[in-house]
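The structure appears below as structure tokens.
The values are calculated or read from the model by the stated rules, or taken from the named source; none is laboratory data. None of these values were measured; they are calculated from a predicted model. Every residue, glycine as well, gets a Cβ built from its backbone with ideal geometry; the counts of neighbours run over all protein chains shown. Side chains included, ligands, DNA and RNA excluded: accessible areas come from the protein's heavy atoms. Shrake-Rupley method; radii C 1.70, N 1.55, O 1.52, S 1.80 Å.
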Amino acid sequence: MVGLIDLVQTLTTPHPLDRYLELVNPGLTARELRAEVTHVSHAVPGSVTLTLRASRQWRGHSAGQYVQIGVSINGVRHTRCYSPIDPESRGERYLQLTVKAHPGGLVSNYLHANAEPGMVVDLAPAAGVFHLPQRRPDKVLLVSGGSGITPVLSMLRTLDAEGYTGQVTFLHYARQPEMVPHRAELSSIAQRRANFRIEYRYPVEPGTVIDGETSTGSGFFDYDELERVAPWFADAQTFVCGPPPLMRAVHTIFEAEGLQDRVLSEEFTLTTVPTDPAEATGTVTFSGSDVAADNTGATLLEQAEASGLTPEYGCRMGICFSCTATKVSGCTRNIRTGELDAEPDKQIQVCINTAVGDVDIAL
């Protein structure tokens, strides 16, 4: 079969076979992975849950991994990373994604407003190291906040489907009860699994007026909270996904206890090391396009776009590796870690690197 596809692919040059197949049916492909939206739910304010039927190339996912979804908006293809909320699978072609419409989020807002049954999206194989290990831990602590619930929900549903008999605590932070996705299912799991503890917290900022009184703040993650919900945490494997303050709070406590190797985290927001544009010097050269411009201090992806180039990109936060390009020469700075790199002829992610002085990128 593969040999026949290769032959047809040669005969259809210069365009891939899939370009012709999609004219007949957008979901019909020989090689490329796609998915059709079969159901859309807006049960949670500001979020949309999509049920997708993947093409035959889909190989499933491990609980906690993410996939890339690609959509065309005004003729431009954009990709973003989302975590399936389904139990871990290897043969099932259906998967669900719960997408929160973030302020300024191009793809998330587009899906929230426009997704409907029959819509076809590009799909990439599941990826990421944030997932349950094949040998399940004896005790599991899941901590999430906001849209970070999706990968840990997949973990919880997987453990439930497997009839896991160890201790599980799932602690989720949200602004208010109605903002918790799939709460009815979570309640159902808690009712039938005596070893599963599901807790919610709705943090109150200091200074908030409640019933005429000013709150000093409550409901945030700290050591006392950890002891309350999972007193056995030192013997558990902990998984955390959510806003940076929540992630930092968890890591700080585990590091103080010497348990940093017992916590695994995933984040889908870009936490950066500040860059002062006034300190930017030199020239950024995109030698593959014969374009050069003064360094503005912005990421190399943003500078390429400002120069009229259209490099490929995906998540724009250093997760998906869609935007890699060869740094021919010069020094770059990773805005996530602050690390400098002056090694020539090296592949870098242009979405999370800035130029330090003169830099040549093969774009």
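Could you tell me whether any residue of region 144-161 is at positive phi and either modelled with pLDDT of 95 or more or assigned to a loop (DSSP other than H, G, I, E, B) (or both)? Walk me through how you get there before you give the answer.
First, pick out the residues of region 144-161 that are at positive phi: 146.
From what's left, either modelled with pLDDT of 95 or more or assigned to a loop (DSSP other than H, G, I, E, B) (or both): none.
Within region 144-161, not a single residue is at positive phi and either modelled with pLDDT of 95 or more or assigned to a loop (DSSP other than H, G, I, E, B) (or both).
All but one of (1) farther than 24 Å from THR98 by Cα; (2) at pLDDT 95 or above; (3) of a type in the set (Asp, Glu); (4) open to solvent by 10 Å² or more (accessible area, probe 1.4 Å) hold for GLU225, so report the exception by its number.
GLU225 satisfies every listed condition except (4).
Quick one: which of GLY91, GLY104 is in the same structural domain as TRP58 (by the TED database), assigned to a loop (DSSP other than H, G, I, E, B), more than 17 Å from VAL37 (Cα to Cα) and touching a Gly at 6+ places or on another chain (Cβ under 9 Å)? Give the steps one after another, and end with the answer.
Numbers: GLY104 fails: touching a Gly at 6+ places or on another chain (Cβ under 9 Å).
After applying the criteria, what remains is GLY91.
Okay, residues lined up against (1) part of a loop (DSSP other than H, G, I, E, B); (2) surrounded by fewer than 22 Cβ atoms within 10 Å (Cβ to Cβ); (3) touching a residue at least 24 places away in the same chain (Cβ under 8 Å):
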| site | (1), (2), (3) |
| --- | --- |
| GLU302 | no, yes, no |
| GLU305 | no, yes, no |
| PHE321 | yes, yes, yes |
| SER329 | no, yes, yes |
| THR354 | no, no, yes |
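Tell me whether region 73-82 contains one or more residues that are touching a helix residue (DSSP H, G or I) at 6+ places or on another chain (Cβ under 7 Å), on the phi < 0 side of the Ramachandran plot and in the same structural domain as ALA230 (by the TED database).
No: region 73-82 contains no residue that is touching a helix residue (DSSP H, G or I) at 6+ places or on another chain (Cβ under 7 Å), on the phi < 0 side of the Ramachandran plot and in the same structural domain as ALA230 (by the TED database).
All but one of (1) assigned to a loop (DSSP other than H, G, I, E, B); (2) small (Gly, Ala, Ser); (3) free of Cβ contacts under 8 Å to residues at least 40 places away in the same chain; (4) touching a strand residue (DSSP E or B) at 6+ places or on another chain (Cβ under 8 Å) hold for GLY118, so report the exception by its number.
Only one criterion in (1) assigned to a loop (DSSP other than H, G, I, E, B); (2) small (Gly, Ala, Ser); (3) free of Cβ contacts under 8 Å to residues at least 40 places away in the same chain; (4) touching a strand residue (DSSP E or B) at 6+ places or on another chain (Cβ under 8 Å) is unmet by GLY118, namely (3).
Condition test on VAL71, is it open to solvent by less than 20 Å² (accessible area, probe 1.4 Å), at pLDDT below 95 and not aromatic (Phe, Trp, Tyr)? So that I can check it myself, show each step before the final result.
Numbers: open to solvent by less than 20 Å² (accessible area, probe 1.4 Å): yes; at pLDDT below 95: yes; not aromatic (Phe, Trp, Tyr): yes.
When the stated conditions are applied, VAL71 passes them.
Looking only at region 58-78, count how many residues are without any contact (Cβ under 8 Å) to a residue 40 or more places away in the chain and either in a loop (DSSP other than H, G, I, E, B) or in contact with a Cys (Cβ under 7 Å, 6 or more places away or on another chain) (or both).
Result for region 58-78: 2.
Taking the criterion of being outside any loop (DSSP other than H, G, I, E, B), of a type outside the set (Asp, Glu), open to solvent by 10 Å² or more (accessible area, probe 1.4 Å) and in contact with a Pro (Cβ under 7 Å, 6 or more places away or on another chain), would at least one residue in region 126-141 satisfy it? If you could, list the steps in order and put the result at the bottom.
As a first pass, look at region 126-141 and keep what is outside any loop (DSSP other than H, G, I, E, B): 127, 139-141.
After this cut, where a residue has to be of a type outside the set (Asp, Glu) as well, the list is 127, 139-141.
Then drop every residue that is not open to solvent by 10 Å² or more (accessible area, probe 1.4 Å), which leaves 127, 139.
Then drop every residue that is not in contact with a Pro (Cβ under 7 Å, 6 or more places away or on another chain), which leaves none.
Checked against the condition, which is being outside any loop (DSSP other than H, G, I, E, B), of a type outside the set (Asp, Glu), open to solvent by 10 Å² or more (accessible area, probe 1.4 Å) and in contact with a Pro (Cβ under 7 Å, 6 or more places away or on another chain), region 126-141 yields no hits at all.
SER144 - would you say it is open to solvent by less than 20 Å² (accessible area, probe 1.4 Å), touching a His at 6+ places or on another chain (Cβ under 6 Å), in the same structural domain as PHE233 (by the TED database) and of a type in the set (S, T, N, Q)? Step through it out loud before you land on a result.
Working: open to solvent by less than 20 Å² (accessible area, probe 1.4 Å): yes; touching a His at 6+ places or on another chain (Cβ under 6 Å): yes; in the same structural domain as PHE233 (by the TED database): yes; of a type in the set (S, T, N, Q): yes.
Against the criterion (open to solvent by less than 20 Å² (accessible area, probe 1.4 Å), touching a His at 6+ places or on another chain (Cβ under 6 Å), in the same structural domain as PHE233 (by the TED database) and of a type in the set (S, T, N, Q)), SER144 qualifies.
Would you confirm whether any residue within region 173-183 is open to solvent by less than 20 Å² (accessible area, probe 1.4 Å), acidic (Asp, Glu) and under 30 Å from ILE69 (Cα atoms)?
no
Against the condition charged (D, E, K, R), farther than 27 Å from CYS81 by Cα and at pLDDT below 95, how does GLU267 come out, does it pass? Outline the logic, then answer.
Values: charged (D, E, K, R): yes; farther than 27 Å from CYS81 by Cα: no; at pLDDT below 95: yes.
Taking the combined requirement at face value, the residue does not satisfy it.
Out of the residues in region 27-59 that are among the basic types (Lys, Arg) and open to solvent by 30 Å² or more (accessible area, probe 1.4 Å), which is modelled with the lowest pLDDT? Spell out the reasoning first.
First, pick out the residues of region 27-59 that are among the basic types (Lys, Arg): 31, 34, 53, 56, 59.
Subset that is open to solvent by 30 Å² or more (accessible area, probe 1.4 Å): 31, 53, 56, 59.
On the way: ARG31: 63, ARG53: 97, ARG56: 92, ARG59: 94.
By that ranking, first place goes to ARG31.
May I ask you to list the residues in region 243-262 that are closer than 17 Å to GLY219 by Cβ, outside any loop (DSSP other than H, G, I, E, B), touching a strand residue (DSSP E or B) at 6+ places or on another chain (Cβ under 7 Å) and in contact (Cβ under 8 Å) with a residue 24 or more places away in the chain?
Residues satisfying the conditions are LEU246, VAL250.
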